1. Residue by residue through region 72-95, note down the ones that are of a type in the set (Lys, Arg) and at pLDDT below 95.
2. Conditions first: (1) at pLDDT below 95; (2) out of contact with any helix residue (DSSP H, G or I) (no Cβ under 8 Å at 6 or more places or on another chain). ARG53 passes all but one, so which condition is the exception?
3. Between residues in region 82-96 that are in contact (Cβ under 8 Å) with a residue 24 or more places away in the chain and residues that are in a helix (DSSP H, G or I) and open to solvent by 10 Å² or more (accessible area, probe 1.4 Å), which pairs lie under 9 Å by C-beta distance while being six or more apart or on different chains?
4. With the structure loaded, tell me whether LEU29 is more than 15 Å from GLY8 (Cβ to Cβ), in contact with a Cys (Cβ under 8 Å, 6 or more places away or on another chain) and among the hydrophobic types (A, V, I, L, M, F, W, C) or whether it fails that test.
5. Give region 88-115 a look and list any residue that's under 12 Å from VAL48 (Cα atoms) and assigned to a strand (DSSP E or B), or say none.
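The values are calculated or read from the model by the stated rules, or taken from the named source; none is laboratory data. In this text, all values refer to a predicted model and were calculated from it rather than measured experimentally. We place every Cβ from the backbone using ideal geometry, glycine too, and count neighbours over all the protein chains shown. Surface areas here come from the heavy atoms of the whole protein model, side chains and all, with no ligands, DNA or RNA. Shrake-Rupley method; radii C 1.70, N 1.55, O 1.52, S 1.80 Å.
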Amino acid sequence: QVQFVESGGGLEQPGGSLRLSCAASGSILSTHTTGWYRQAPGKQRDLVAKIDRGDITYVADSVKGRFTISRDNAKDTVNLQMNNLKPEDTAVYYCNFFPAISGYWGQGTQVTVSS
């Protein structure tokens with residue numbers, strides 16, 4: 001069983017920035033493809049970005065040019081730098097492996113973009 005812990009969310013104004021961090025029990029993120037997902041109220045959970053074992057990244061078109069995913073091997077975390085935030089980025093953000101394993105979802109971290 002793996003426990004994912006997300007942090008770094010909060011309330012930010014449009015155009016602002018936030019940095020999310022994902023940690024997991026067992027120090028295993030460096031050996032797995034890990035993704036950041038988000039779920040807005042009333043919508044399905046979607047993949048936002050992912051990074052594989054070779055640090056090859058994918059970023060969804062909706063956030064391309066604004067969000068960057070990276071890995072910190074020293075801390076065994078996967079981070080999501082979010083710049084130029086928009087109200088439509090408001091959601092609960094989760095991390096999980098890619099493909100996601102249903103039993104591994106954590107509590108997520110709320111990101112709210114509002115003036």
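1. Passing the criteria: only LYS75.
2. With respect to (1) at pLDDT below 95; (2) out of contact with any helix residue (DSSP H, G or I) (no Cβ under 8 Å at 6 or more places or on another chain), ARG53 is out only on (2).
3. Taking only residues 6 or more apart or on different chains, the pairs are ASN96/SER102; ASN96/TYR104.
4. Answer is yes for this residue.
5. Looking only at region 88-115, we keep the residues that are under 12 Å from VAL48 (Cα atoms), and these are 89, 91-96, 98.
ALA91, VAL92, TYR93, TYR94, CYS95, ASN96, listed by residue number.
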